[in-house]
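Written below as structure tokens is the structure these notes are about.
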Amino acid sequence: MKLALAAAAALTLAATAAHAAPKVSAAWSRPAAQGSTGAGYMTLSNAGPADALVAVESPLSGHVMIHQSAVANGMASMKMVDRVPVATGRSVTFAPGGYHLMFMGLTRALGVGDTLPATLVFASGARVKASFVVGLAPPVAAPARK
């Protein structure tokens, strides 16, 4: 009986984490050669409890790093970060010149129109699948319907 209750609690917790996971939109990447480094951009939106992106995995990359670019006193810099907080009811944009993903050691070339699959891992334990569309610029949002 205790085992059944523990299993039910674990399933409930897993369902809650999956339901409350941040959402990914406008995920895109630029073309890149096999063996090189690709970049990933997106918007994370969070309607659930506060969370943080802590890792990214991709079958097409040997390793994925989370970076943040900044300009201070006219000097550009880039640093690796361990986590990107996503507050309740807020969004975080990953874009050139700010937060971005670095897909290191691509196992194949990425051409315009290709997709780069990834799994985003959050501090809550949530795992969110994303598909980065390869293009020369960010995807254009569809016009709002009236």
Need the failing condition index for GLY105 against (1) under 13 Å from SER61 (Cβ atoms); (2) modelled with pLDDT under 95, just the number.
(2)
Quick one: which of ALA32, ALA21 is buried (at least 19 other Cβ atoms within 10 Å of the Cβ), among the hydrophobic types (A, V, I, L, M, F, W, C) and at pLDDT below 95?
ALA21
Pairs under 8 Å by beta carbon, first residue more than 18 Å from LEU116 (Cα to Cα) and small (Gly, Ala, Ser) in region 48-68, partner at pLDDT 95 or above and part of a strand (DSSP E or B), six or more apart or different chains?
ALA50/PRO85; ALA50/VAL86; ALA52/VAL84; ALA52/PRO85; ALA52/VAL86; ALA52/PHE122
Looking across region 80-93 at residues that are of a type in the set (A, V, I, L, M, F, W, C) and either modelled with pLDDT under 95 or assigned to a strand (DSSP E or B) (or both), the single one that is farthest from the chain's Cα centre (by Cα) is MET80
Residue that is surrounded by 15 or more Cβ atoms within 10 Å (Cβ to Cβ), over 11 Å from the mean Cα position of the chain (by Cα) and at pLDDT 95 or above, where the choices are LEU44, LEU110
LEU110
Which residues, taken from region 94-123, are out of contact with any Gly (no Cβ under 9 Å at 6 or more places or on another chain), under 24 Å from MET75 (Cβ atoms) and part of a strand (DSSP E or B)?
TYR99
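Yes or no: PRO139 assigned to a loop (DSSP other than H, G, I, E, B) and surrounded by fewer than 12 Cβ atoms within 10 Å (Cβ to Cβ)? Explain how you work it out, then say what you get.
Details: assigned to a loop (DSSP other than H, G, I, E, B): yes; surrounded by fewer than 12 Cβ atoms within 10 Å (Cβ to Cβ): no.
No.
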Does region 47-73 hold any residues that are in a strand (DSSP E or B) and either over 14 Å from the mean Cα position of the chain (by Cα) or of a type in the set (S, T, N, Q) (or both), and which are they?
SER61, GLY62, GLN68, SER69, ALA70, VAL71, ALA72
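The values are calculated or read from the model by the stated rules, or taken from the named source; none is laboratory data. Computed from a prediction, not measured in an experiment: that's the story for all the values here. Positions of Cβ are backbone-derived with ideal geometry, glycine not excepted, and every protein chain shown enters the neighbour counts.
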